[in-house]
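The values are calculated or read from the model by the stated rules, or taken from the named source; none is laboratory data. Quantities reported herein were computed from a predicted structural model and do not represent experimental measurements. In this analysis, Cβ positions are derived from the backbone assuming ideal geometry, glycine residues included, and neighbour counts consider all displayed protein chains. Keep in mind that these areas ignore ligands, DNA and RNA; they rest on the heavy atoms of the full protein, side chains included. Shrake-Rupley method; radii C 1.70, N 1.55, O 1.52, S 1.80 Å.
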Amino acid sequence: MTTAEGAGPAAGEAGRGLSRGLALLFAVACGTAVADVYYAQPLLVTLGRDFSLGTATVGAVVTLTQVGYGLGLFLLVPLGDLLDRRRLVVAQLLLLAVASAVVATAADAAVLFAGLAAVGLLAVVTQTLVAFAASLAAPGERGRVVGLVTSGVVTGILCARTVSGLLADAAGWRSVYLCSAVLTGALALALHRLLPTGRGAAPAGGGYGRLLRSTAVLFARERLLRVRALLALLIFAAFSVLWSSVALPLSAPPYALSHTGIGAFGLAGAAGALAATAAGRLNDRGHSGRTTGAGLVLLSASWLPLALTRQSLWALAAGVVLLDLAVQTVHVTNQTLIHALHPAAGSRLIGGYMVFYSIGSASGALAATSLYAAAGWRAVCALGAAVSLLALLLWAATRGSDPIPSAPAPSAPVGE
């Protein structure tokens, strides 16, 4: 394992600590931005009808957003180690507001897809905020801070589905993105006044190209980063298998639920927000291996009640609670561990890691909707269970040899 990247602004920030009030502000900003990625999930049936999209292809609505997100993670998030993070956050939020307005006014499928891809590209401001918060936290509190900020992400995802359903039933699906554009723009102006300035430490003598290459170097050097990124790909593929397709059986007989009813099931995963904070605290106490294993066991088990969705909405609710709790437990543990490898390269580490999240989410969405059209809900659940078990096997095969840092290592450059 290599040592942490050397001195720089972020290195100085890390020792100051982060107040709870500012950490909560980061959490609110993260939740607001990430919600844009998930607004479409309860609306898939309506969007398919309005834009003449078949059941097998409606997953492209989710997939294109995730493709944009993946590109943003690789191309935009590393800029947090090069530019002033406050200015970067504000600029991305303003552009995200514009992209949401494009989706809200889309007249055909091409504009809709382009707008959704842009929404995904710019919503990666969430990860810039996570890395920013982690860099400001004292090392002994980093897990707690990452957990608190990530709980805002979880809450944003859950509220996205519920708010989306409510607004769509009250004023049509376009109102969802119009409201998002207004809220995101207002938040950008507020954050411009309240966020501190600061940037990470880019590779010595390097510009943007060297910055991107150094991300690849980090992956080549750090086995822990590679393993945790693969776990992210698998757990979020399972996550997306559920949430990109569950609107399809719920909108069909015998349930025929409204947008509000479908979106309300997002609230059943509120335990995920609690798990995020708890997982961060457990990691601070050195229990990252146990939290990862427990999370992956719960993830695999969640597909048993989910397979009974057509027979019982209570079974669906129970499965959602288990799945969201499990995914967030592993996700927070992953982020806390990898950020500790090189605190000054936090944006590149988080961005590179989250590329795998985006690949998993996009693949899960496309596979789930296509499989649902061909073989139904039980087949979708079998896919989710298989992916979850694969993640559990990966963890079991690699847990004994992963380096688990307990504190940032001494300084050393991360270059090409």
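Worth pointing out:
- Where a residue in the range 99-128 is within 22 Å of LEU79 (Cα to Cα) and its partner, wherever it lies, is assigned to a loop (DSSP other than H, G, I, E, B) and open to solvent by 10 Å² or more (accessible area, probe 1.4 Å), with Cβ under 9 Å and at least six apart: VAL119/TYR39; LEU121/LEU76; LEU122/LEU76; VAL124/LEU76; VAL125/LEU76; GLN127/LEU76; THR128/LEU76
- The range 337-374, subset polar (S, T, N, Q) and open to solvent by less than 10 Å² (accessible area, probe 1.4 Å), residue farthest from SER151 (Cα to Cα): THR369
- Criterion: closer than 21 Å to GLN41 by Cβ and either at pLDDT 80 or above or touching a Leu at 6+ places or on another chain (Cβ under 9 Å) (or both) - qualifying residue of LEU349, LEU341, LEU366, LEU337: LEU366
- LEU116 vs. criteria modelled with pLDDT of 90 or more, open to solvent by less than 10 Å² (accessible area, probe 1.4 Å) and under 24 Å from the mean Cα position of the chain (by Cα): yes
- Considered as a group, the residues in the range 14-26 that are open to solvent by 10 Å² or more (accessible area, probe 1.4 Å) and assigned to a helix (DSSP H, G or I) include one that is modelled with the lowest pLDDT, and that residue is ALA14.
- Some residue of the range 102-111 being polar (S, T, N, Q) and either within 19 Å of the chain's Cα centre (by Cα) or buried (at least 24 other Cβ atoms within 10 Å of the Cβ) (or both): no
- Of all residues in the range 385-416 being at pLDDT 50 or above, in contact with a Ser or Thr (Cβ under 8 Å, 6 or more places away or on another chain) and over 18 Å from LEU224 (Cα atoms), the one that is surrounded by the most Cβ atoms within 10 Å (Cβ to Cβ): SER388
- Residue in the range 50-89 that is modelled with the lowest pLDDT, counting only those that are open to solvent by 30 Å² or more (accessible area, probe 1.4 Å) and among the basic types (Lys, Arg): ARG86
- Search result, residues across the range 38-49 that are open to solvent by 10 Å² or more (accessible area, probe 1.4 Å) and at pLDDT 85 or above: TYR39, THR46, ARG49
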